[in-house]
Amino acid sequence: MFILFKLSAVSFIEENTVYKTGLKIKLPVLNGAELNGWYNGENIIWGASVNFTDSDGTFLAGGKGGNLSFSGGVSLLNNPLLFSSVSPFFRAQKKISLFSAAFPDGSSFLKPLSLFINTSLFSDKASSGKLGFSGAFSEKMEGIWSVNYRKRDKKKEFDFQWLIKTNPLFQGKNDSWYLSKNIFAEETLKFSSLFQESLCINNLSFLLSEIFYLDYYGNLLPVFRMETSGKRLSGAFSVNFLPDVTSSSGKELERCISAKVNFQDQKKLKREQPFMVKYGVTVFNKLSLEEKDWEMKGTAGFRIFSVRNSISGSIYGEMLSNLDGIDIKETRFTKGGINLSNNYYMDKISPTIKGSCVIIPENSGQNYKTTESCSVILYLGSNPSINLNLSAELSGQKFRCSDRKMDIGITSKYKSRLFDIAGKISMSLEF
């Protein structure tokens, strides 16, 4: 158990220059608990946790309190549809991400005060079966409850999670669908639920997610999502057929069918200095049932890396087709680009060089947008360790530089038998 104290603040902003400072101190106390807190210039942010284990170290129960951030299935309740961003090395999620809570870092905005508990209600070591429960409640009257079960053996693993979230909606809350309909009273309760099942057999995995939202009239509105992954192929699919569906965060979900498919592989080449070559292709398609259009995105890229060096590059393009029923009326190119980067890894220094070019159609008024950047990290000392980070970025349109930015940061850490201390100073300058 240890106590962790953090202090970070934005010192001041002077014209186009932003200065930031931070301080973190960790003091060992007892095993099984943690306390941290910092001041961000306006509010005091804090968090505390405690864990209980049995004699052989198996987790039994735990709890957290403070300005917590939640992750796992809650993210799907906020937005269950696929993101349209594409990466050559996209991989579908293989296993269920269980509901969990974490302390926010100094860069995050203020979270409401929350209480989180989780426990293992049953654990069968002979068959590797495990049943768990998690729950959370915030000062904004939001409640989240989760039940999960995991069963595994040498060849396969099965996971299940059922998550329920309730949160009140008040008049004046920025909930797009409820405000546009203007049908609810002074206060109403938003209900959403998530069922997830995953199965992993050797290199093959399947993850199914069924999301249900309760609307004002008492109807359950479903949204479905599926992800599968193999050794080289990976894919994800989401669908929302119904109108007027809002997520647990109040976001109105688009009526659409989305799919994302990726192929990637890597080869090890043996030379005097062995290195790996990795390459991949990703295609994204979204059929909008509201706008009657078909969005297509694609990207291909490579990465060559060894112990001392890493070179990567990618090319991407976006197209949009207008539909008339099942017929395509018009297809136009909307965006494209290329990215290149080179990283070096040495004992005392790690330089990086990056460049990108974005091509946009002429009618947008921005034919080309280019960005060039370079950064250097210097490693000085071991204990205390001092890292100096220098980076510069140039960007502009039509191959003319119009924006310049420079970042300078210094971080330092010191460890002893009694305590750990770390500090950070950074400066961002635009010129």
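Read the figures in this text as sums done on the coordinates, not as results from a lab. Quick caveat: nothing in here was measured; it's all calculated off a predicted structure. Note: ideal-geometry Cβ built from the backbone for every residue, glycine included; neighbour counts use all protein chains shown.
Values as computed for the structure displayed
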| read-out | value |
| --- | --- |
| Computed E for residue 390/residue 54 - FRET, C-beta separation, R0 45 angstrom, nearest 0.05 | 0.35 |
| Ranked by how many other beta carbons lie within 10 Å on average, peptides 200-206, 372-378 from highest | 372-378, 200-206 |
| Peptide ranges 239-248, 65-74 listed from the most packed, as the mean C-beta count within 10 angstrom indicates | 65-74, 239-248 |
| Efficiency of FRET from Cβ geometry, residue 131 and residue 210, R₀ 22 Å, rounded to 0.05 | 0.60 |
| Surrounding net charge for residue 243, when Lys and Arg each add one and Asp and Glu each subtract one, Cβ distance under 11 Å | -4 |
| Segment residue 237-residue 147, length gained on full extension (0.36 nm per residue, minus Cα span) | 29.9 nm |
| Gain in span if fully extended, residue 69 to residue 414, counting 0.36 nm per residue against the direct Cα distance | 121.4 nm |
| When each of 156/297; 260/329; 151/278; 95/154; 94/286 is checked by Cα-Cα distance, pairs over 27 Å | 156/297; 151/278 |
| Fully extended contour minus Cα-Cα distance, from residue 404 to residue 375, at 0.36 nm per residue | 9.1 nm |
